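Notes for the one structure printed next.
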Amino acid sequence: MIFKGFQITIMGVIKLEPRCPQRIDGMAIDPEPNWKFDSLLSELNSLETKLSSSTNVPAPFAKSWPRYISNGKSSGKSCKPFIMRVSEDEIYDTESEGEEDRSLVAATRFNCDAIYLSSDSDDESTFKDQSFLMDEVRIVEGALCELAHEHHLEDKEEIRNKISALETDLRSGSEKSTSALTQVEKYREARNEMDRKLDTQYQRKIAEALDNHLTAVQRDHELRSQIEERKIRSDAAYEEAKRREKALQEEKIRQEKSKAESEARLRAEEAIRAALEAERRAVKETAERQAIETSTRVAARAAQEEDAGRQMNANSAKKSQSASNVLWAAESALNLEQARIQKLKEVDEGNQALRLTYNKDLSSYEKLIGRLIRQISGSTEVVREKSREIIKIFNDRHCPQFVMVAAFAKLVVSRCTSPNTDAFACGHVIVLVTSQVPHAMDLLLAEFHRACIYSVPKHITYSESAFECEEAYYQALGYRVSDGKLESTKDYLTRLESYMELYGALIQTEVQGVQNTHGLKDGWAWIARFLNTLPANRYTAVALSAFLKMAGFALFRKYKSQFMKVLSNISNNFLQELKACEDPGLNATILEIQSYLEDKRFLKEPVGRALQNSLLSTVSIPEGPDPDYHRSSGRYY
């Protein structure tokens, strides 16, 4: 800012530099270089006062009050220097505002060339003659002032150029930094992508290595499992070989034992037969002598004596048979038993020789037959199916028939002692199978005779001369020996009852269109031989009760009044002999037989005799052989 005769330096302490003469009209124009702002104001006020007293300016233009600038804190004068700090933008704003203010207020400026008031208003002519206000300043000083002003403008322009250059540099730097950041970001993304690829490749390598390891482990496990499996199979084969060898040894021992028992039984029976034959001959000789003596008697009494002789012969034969007191059986029954057992013995010997030379294991067939027998139940369809499957096994070309028939006979007889066995259903299966394989019935009956002597019927009493000890006698009756001990009588009677129930069920089985080779006529012969030859005791009572329970209904339907005579004989003779024994163990059996006769249970069909759905006897079965069956010629394989 330029005043007339003074230069004010902005952004610093206000300094007054002399630009005009030292004094004009007695006033010091060149102030002290280091004036303070308050002193400057006082000087200006005094200057205005002098000017207003010596000028001819009208009253409206005269200053009526002194110049005063408050410091904003107090009304007193401050001795501190005035410092003004103004930024470059505020200088521009101040200059622009100053231009706007000139349009509103008449401004006065100082000039070094002459003392006058410069104004653009209409009052400029008023002050033309007022040159006495301030002396003319020298031209050099004014040129210096203008030069300073130009210098100031150049500085401002230079500052503006520098600011523009700085802004350009700033923008360039910003663009460079942005470009650098972009490049850094791209580098980071490229690096991340490379890291991801490396991670993927590394994970793939890890997965391949893990897969190879797992494959190797699995292969090792499979190899070990194969080794273990081979070892297990080898052990199993060894155990199976040992088991077969043991089974063969046990079978051989059993056969030898059975053979020894059979031989001992045969020797005992032969001894008994010899004794009976000798007694019969003695009785016959006695009868002949008596006949010769009576031949001299009167002719009128000849017929009576002849009848008496016949009666005496019959009674003597009966007494001689009772006198033996060892074997109680009919001769015909003993002959049939011997023939059947001899046939079974021959079959067993042939089968044993065949097993030793046969290159195929037959135990699987035997197990299959056993499973089929265990699956027999009181149903028509089941009976048909199991019979058909058993016959197919008999007719298998890869399997010897006699071996399977012997196994069937043994398994059927042994099965009857198992619980929940359906005797009537088993009887139907036996009839159907033996109708296609006739020689199987003889082997089956032989197994019955081996297991239960009362199926002959036959009874043996103890004799010290015939048996070495009581144990041998009980074994002859059919007692089993386990761990060197005989089974109890109760267990023996339970088995005896099971055998006789199956035998009675077989006797009474009738299938339409199929012939039972051991049917009711053989049952009638059995009960006649039983009542005529066997004594009344605990064993025979159990055998008779079981037989009547199973076959009594069918025998009554066929023989009617004849069977009623048999029942009357049982009631009048057999039961009385049982009661005479006074054996407490017989009470239950006596009561059962007596209840059977009194309640006439023979008139009611036994439970289980009729198969489920329909009776098998009502089903038409062709008399010819089964389509899958080719009847054997009876020769051994």
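The values are calculated or read from the model by the stated rules, or taken from the named source; none is laboratory data. Because the structure is a prediction, the values reported are computed rather than measured. As a convention, Cβ positions derive from the backbone with ideal geometry for all residues, glycine included, and neighbour counts pool all protein chains shown. Heavy atoms of the whole protein, side chains included, go into the accessibility calculation; ligands, DNA and RNA do not. Shrake-Rupley method; radii C 1.70, N 1.55, O 1.52, S 1.80 Å.
Key figures for this structure:
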| item | result |
| --- | --- |
| From LEU443, LEU432, LEU411, residue being in a helix (DSSP H, G or I) and either open to solvent by 40 Å² or more (accessible area, probe 1.4 Å) or hydroxyl-bearing (Ser, Thr, Tyr) (or both) | LEU411 |
| Any hit, the stretch 171-189, residues being modelled with pLDDT under 90 and among the β-branched types (Val, Ile, Thr) | no |
| Qualifying residue in the stretch 455-467 (condition: closer than 22 Å to LYS259 by Cβ, part of a loop (DSSP other than H, G, I, E, B) and at pLDDT below 90) | yes |
| Matching residues, the stretch 543-561, being open to solvent by 10 Å² or more (accessible area, probe 1.4 Å) and either assigned to a helix (DSSP H, G or I) or within 20 Å of PRO457 (Cα to Cα) (or both) | SER545, LYS549, MET550, PHE553, PHE556, ARG557, LYS558, TYR559, SER561 |
| Condition check for ASP195: of a type in the set (Asp, Glu) and either open to solvent by 100 Å² or more (accessible area, probe 1.4 Å) or under 30 Å from ASP361 (Cβ atoms) (or both) | no |
| Residue among ASP396, ASP361, ASP348 that is at pLDDT below 90, of a type in the set (Asp, Glu) and either closer than 17 Å to GLN255 by Cα or open to solvent by less than 40 Å² (accessible area, probe 1.4 Å) (or both) | ASP348 |
| Any hit, the stretch 503-520, residues being in a helix (DSSP H, G or I), over 25 Å from ALA610 (Cα atoms) and touching a helix residue (DSSP H, G or I) at 6+ places or on another chain (Cβ under 7 Å) | no |
| Boolean, ALA472 is open to solvent by less than 10 Å² (accessible area, probe 1.4 Å) and in a helix (DSSP H, G or I) | no |
| Members of the stretch 198-240 found to be more than 30 Å from ASP361 (Cα to Cα) and under 27 Å from the mean Cα position of the chain (by Cα), listed by number | LEU214, THR215, VAL217, GLN218, ARG219, ASP220, HIS221, GLU222, LEU223, ARG224 |
| Of all residues in the stretch 508-538 being buried (at least 20 other Cβ atoms within 10 Å of the Cβ) and aromatic (Phe, Trp, Tyr), the one that is farthest from PRO606 (Cα to Cα) | PHE530 |
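Matching residues to (1) touching a residue at least 40 places away in the same chain (Cβ under 8 Å); (2) closer than 19 Å to HIS518 by Cα; (3) touching a Cys at 6+ places or on another chain (Cβ under 9 Å):
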{"position": "VAL413", "(1), (2), (3)": "yes, yes, yes"}
{"position": "THR417", "(1), (2), (3)": "yes, no, no"}
{"position": "THR434", "(1), (2), (3)": "yes, yes, no"}
{"position": "MET441", "(1), (2), (3)": "yes, yes, no"}
